[in-house]
Amino acid sequence: MKTVITFGTFDVFHVGHVNILQRAAMLGDTLIVGISTDELNYSKKGRYPIYKQLDRMKIVNGLRYVNLCFFEESLELKREYIERYNADILVMGDDWAGKFDCMSDICEVNYLERTPSVSTTEIIEVINSE
Ligand code: CTP
């Protein structure tokens, strides 16, 4: 039995999010998703998400191929989360390519190609410009 873990904000949920979660789930038997907290997102991207963390978690948790969600409170805790959930495979989008190779001593690290032409930032920009 293989456990896959992945992380993200998943704000203004879109098809790129569905695609990466589906592909991550196909790599193992159980999929665990770390949802960035509102505060972590602020420190990472300089803005709060549109959807609050509990709502973002409810949406991701509602997908049938997601087994468990938890809040990711700090980027520095990745190793601890991987160990806590006994993850065999870490999946990240290829916007993070190479950045988590240092985890390969405790799990397999797999970067999946991002879905082209869609991102939360772009959706927010389009809505704001109308
Ligand atoms: N992702 C993806 N394809 C996209 C957008 C996101 O595969 N077109 C993946 C990211 O690589 C990440 C996960 O979805 O593994 C969550 O990404 P997140 O940062 O929450 O979404 P983005 O749309 O990239 O958000 P933003 O524009 O705010 O950076």
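Quick notes on this structure:
- Meets criteria (over 15 Å from the mean Cα position of the chain (by Cα), modelled with pLDDT under 95, open to solvent by 10 Å² or more (accessible area, probe 1.4 Å) and away from the ligand (no atom under 13 Å from the Cβ)) for MET103: no
- Count - residues of segment 1-17 that are under 28 Å from ILE106 (Cβ atoms) and of a type outside the set (S, T, N, Q): 9
- Residue-level check: of (1) modelled with pLDDT of 95 or more; (2) among the hydroxyl-bearing types (Ser, Thr, Tyr); (3) surrounded by fewer than 13 Cβ atoms within 10 Å (Cβ to Cβ), THR121 misses just (1).
- Residue-level analysis places GLY16 outside the set of residues that are within 14 Å of the ligand (Cβ to nearest atom), touching an Asp or Glu at 6+ places or on another chain (Cβ under 8 Å) and open to solvent by less than 50 Å² (accessible area, probe 1.4 Å).
- Test for ILE82: is it more than 9 Å from the ligand (Cβ to nearest atom), in a helix (DSSP H, G or I) and either surrounded by 15 or more Cβ atoms within 10 Å (Cβ to Cβ) or at negative phi (or both): yes
- Of residues in segment 85-100 being of a type outside the set (Phe, Trp, Tyr) and open to solvent by 30 Å² or more (accessible area, probe 1.4 Å), the one farthest from the ligand (Cβ to nearest atom): ASN86
- Flag: GLU108 matches the condition of being among the acidic types (Asp, Glu), open to solvent by 60 Å² or more (accessible area, probe 1.4 Å) and away from the ligand (no atom under 13 Å from the Cβ).
- Search result, residues across segment 1-13 that are crowded, with 21+ Cβ neighbours inside 10 Å and away from the ligand (no atom under 11 Å from the Cβ): VAL4, ILE5
- Screening segment 20-41 for residues that are within 13 Å of the ligand (Cβ to nearest atom) and assigned to a strand (DSSP E or B) and picking the one that is farthest from GLY8 (Cα to Cα) gives LEU31.
- Subset of segment 31-58 [more than 21 Å from VAL109 (Cα to Cα), of a type outside the set (Ser, Thr, Tyr) and open to solvent by less than 60 Å² (accessible area, probe 1.4 Å)]: ASP38, LEU40, ASN41, GLY46, PRO49, GLN53, ARG56, MET57
The values are calculated or read from the model by the stated rules, or taken from the named source; none is laboratory data. Quantities reported herein were computed from a predicted structural model and do not represent experimental measurements. For neighbour counting, all protein chains shown are included, and Cβ atoms are generated from backbone atoms with ideal geometry for every residue, glycine included. Just so you know, the surface numbers come from the protein's heavy atoms only, side chains and all, with ligands and any DNA or RNA stripped out. Shrake-Rupley method; radii C 1.70, N 1.55, O 1.52, S 1.80 Å.
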